Amino acid sequence: MARHVVASLGEIAPGDCKIVTVQGREIGVFNVGGEHFALINRCPHEGAPLCRGVLVGLAESDRPGQFRLVRQGEMLRCPWHGWEFDIRTGQSWCDPDSVRARSYAVTVEPGETLAKGPFVAETVPVSVEREYVVVEV
């Protein structure tokens, strides 16, 4: 699987998303409290630009009339129909058994490891014959 550099570490602030295009696919890269996650920018429900939705928390309840908001900023609400997806996994909370937004692995790596050599330039043999320069390819 190919790796693609999509942003510098400070480019995506906590709670923000950067939408990038990688191999023809729009992907939203999210910073959730310093952790980075990526989802396809297409809602599996009806094709909305999912990553343009609002980041929200998850409401949990032990009994009617009482709830608490947990996992603040870890749920993505689709801008068209309000379906919610877990940023970490792409799992839908509206239809968890069959709907999931595609997620992608994200790593943060120092630039020196991405550009670490040794780099080797391609070489081709060259010879001079009867005053002609010949390159073998």
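Miscellaneous remarks
- In this structure, the amide hydrogen of Ile19, modeled 1.01 Å from its nitrogen in the peptide plane, lies closer than 5 angstrom to those of Val29, counting only residues at least 5 positions away or on a different chain.
- Cβ-based exposure ranking for Ser92, Ser8, in which fewest neighbours within 10 Å come first: Ser8, Ser92
- Residue-count net charge about Ala7 - beta-carbon cut-off 13 Å; Lys, Arg +1, Asp, Glu -1: -2
- Projecting the Cα atoms of Met1, His81, Val108 onto the charge dipole of the chain, computed from C-beta unit charges around the Cα centre, puts His81 farthest toward the positive end.
- In terms of surrounding Cβ atoms within a 10 Å radius of their Cβ, Met1, Met75 rank from fewest to most as Met1, Met75.
- Pairs of alpha carbons in the chain whose separation is greater than 22 Å (percent): 51
- Rounded to the nearest 20 debye, dipole of the chain from Cβ charges on Lys, Arg, Asp, Glu: 460
- Summing charges over all other residues whose Cβ lies under 12 Å from the Cβ of Pro49, with Lys and Arg as +1 and Asp and Glu as -1, gives 0.
- DSSP-assigned coil residues among trypsin sites (Lys or Arg not before Pro) in the stretch 1-97, each with at most 10 further Cβ atoms within 10 Å: Arg3
Every read-out reported here was derived from the displayed coordinates using simple, explicitly stated rules and does not represent laboratory data. Bear in mind that the values here come from a model prediction, so they are computed numbers and not experimental data. Cβ sites come from the backbone with ideal geometry, for glycine too, and all protein chains shown count toward neighbours.
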